[in-house]
Amino acid sequence: MLLGAHRVIVTTDLDILNEVYIKQFHTFQARMIHPSVAIDQENGPQMNVFLGQGNRWKRLRALFAASLTVAKVKSVDPIMKRAHEELIENLRKYENGVINVKPLILNMTFAVISRSAMGINEEFGKSDFLQKVMNAFDRGETNVITERENESLEEKAKRHQDFLDFLREAQEDDLDTTNKADFDTKIPKKLTRDELIGSSQAFLVAGGETTAILITHCLYELALHPELEQIILEEINEHIKTPDDIDYNCVKNLEYLERVVKETTRLHPSAYLVTARRAIESVILQCSDGSSIQIDKGTCILPNIPVITTDKKVWGKDASEFNPDRFLPENSENRHPMAWLPFGAGLRICPGKTLAIYETKATLVRLLMEYKFEFCNETQTKEITKATLGFVELKMKIIPRKIV
Ligand code: HEM
């Protein structure tokens, strides 16, 4: 099929996908970029890890990933706690009533990502929040990066260190260039100022709405399956006594909740259009049935994720049912590695996966400790089709509970 200017092959063949994401990564390292983003993906000055390709991408990816290690994800805890408090404060006004949970959760994930990746201290839920955040990175002299550049060491030591600091530090650190052939020596090994802006914006654009959609879909599935919610409540009760205890280390222990989150991504894949990859040279791919297929340079391969994630041959006869235990290690070990791709796969897999799953789990813990979310007459299940798929709105009744 043709998608804009691109020739696209949409496939459910898991072996072809294994070739694209893993075995022939070099040929398929480039993304299918919307024609409106007409930029030079290797040499353009304004570039980010999502759009880049070739050596430029490798460098940006290494620096971006260095600011998202587990230790750095843990550092987001105080920012997330504050955003959770603000979310709960907003929900209190609607106790025992009906509320569209989607925009409130979006405000929360934007607050976390903009405060932690852009050093912005906007008030929770401002209607022009996103625009203001993007404007803060214009090339004027008063933007947040200039403020950081002019800050004294003493001032820096007094405030919380965030992802923007880590991205700036990644500029100062030497990259591991053990495999020198991987790096083009003509490209500077530190983030340029433009790239720093691009990387911070990538945090916001890639990490705000995606995580909000996942949290909303989890609330939806838990309202449909109160018996599973009960298992989660017991698990929370075992590991967490008060909201103050919610941090990376204790949330990591909530294994059932993690399976619920993974099962939610299976039945509600959201960002799958961005997984499409473009062949930078012609290549022959092996198919599952033993045949092969010629792919011409420029052709894109798009996995049909909604079909793959409900395929009975892959997931069993009950593929359409919500069953978190599919993700128990013993039930996952023989599954094809390309069967579950909510975060993509291979060297270009989503670098925010750990943060997204942690934030989703931590937010669910905070919300479920406080409230029961139920369907009501106003509940709608209409989804939108954009780059990401999520509810237009999700109206739910919120009932306070006296802890588990
Ligand atoms: C539930 C939340 C999220 C979902 C479902 C999601 C999904 C995805 C997917 C499907 C890709 C494409 C992967 C591929 O091509 O193989 C991707 C890439 C990316 N994601 Fe996420 N993502 C989420 C959250 C985040 C967060 C929180 C961040 C950052 C803080 C982030 C940053 C990125 C970046 C920078 C890329 C491009 C990576 C590259 O090209 O090397 N994402 N994401």
E359: passes all of (1) surrounded by 17 or more Cβ atoms within 10 Å (Cβ to Cβ); (2) modelled with pLDDT under 95 but (2)
In the stretch 334-344, anything open to solvent by 10 Å² or more (accessible area, probe 1.4 Å) and closer than 22 Å to F25 by Cα is listed as R335, H336, P337, W340, P342, F343, G344
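Looking at the structure I just gave you, is I105 part of a strand (DSSP E or B) and within 16 Å of I215 (Cα to Cα)? So that I can check it myself, show each step before the final result.
Details: part of a strand (DSSP E or B): no; within 16 Å of I215 (Cα to Cα): yes.
Here the answer is no, as I105 does not meet what is asked.
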The condition of being part of a helix (DSSP H, G or I) and either within 29 Å of K58 (Cβ to Cβ) or modelled with pLDDT of 70 or more (or both) holds, among E123, E149, only for E149
Flagged pairs (Cβ under 8 angstrom, 6 or more apart or on separate chains; first in the stretch 14-31, among the polar types (S, T, N, Q); second in a strand (DSSP E or B) and surrounded by 20 or more Cβ atoms within 10 Å (Cβ to Cβ)) are Q24/L285; Q29/R277
Practice task
Kindly indicate whether L60 is assigned to a loop (DSSP other than H, G, I, E, B) and open to solvent by less than 60 Å² (accessible area, probe 1.4 Å).
Solution key: no
Of those in the stretch 194-228 that are touching a strand residue (DSSP E or B) at 6+ places or on another chain (Cβ under 8 Å) and not polar (S, T, N, Q), the residue surrounded by the fewest Cβ atoms within 10 Å (Cβ to Cβ) is A223
Pairing a residue in the stretch 313-333 that is under 24 Å from P226 (Cα atoms) with any residue that is of a type in the set (D, E, K, R) and assigned to a loop (DSSP other than H, G, I, E, B), where Cβ atoms lie under 7 Å and the two sit 6 or more apart in sequence or on different chains, gives A319/D311
In the stretch 348-371, anything touching a helix residue (DSSP H, G or I) at 6+ places or on another chain (Cβ under 8 Å), near the ligand (Cβ under 8 Å from one of its atoms) and assigned to a helix (DSSP H, G or I) is listed as R348, L355, A356, I357, E359, T360
Has the stretch 268-278 got at least one residue that is over 28 Å from H6 (Cα atoms) and out of contact with any Ser or Thr (no Cβ under 6 Å at 6 or more places or on another chain)?
no
Turns out the helices (runs of 4 or more DSSP H) fully within the stretch 247-319 with at least 2 residues that are open to solvent by 10 Å² or more (accessible area, probe 1.4 Å) and within 14 Å of the ligand (Cβ to nearest atom) are 255-267
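The values are calculated or read from the model by the stated rules, or taken from the named source; none is laboratory data. Being a predicted model, the structure only gives us computed values, none of them experimental. Here Cβ is always computed from backbone atoms with ideal geometry, including for glycine, and neighbour counts include all displayed protein chains. These area figures cover heavy atoms from the full protein model, side chains too; ligands, DNA and RNA do not enter into them. Shrake-Rupley method; radii C 1.70, N 1.55, O 1.52, S 1.80 Å.
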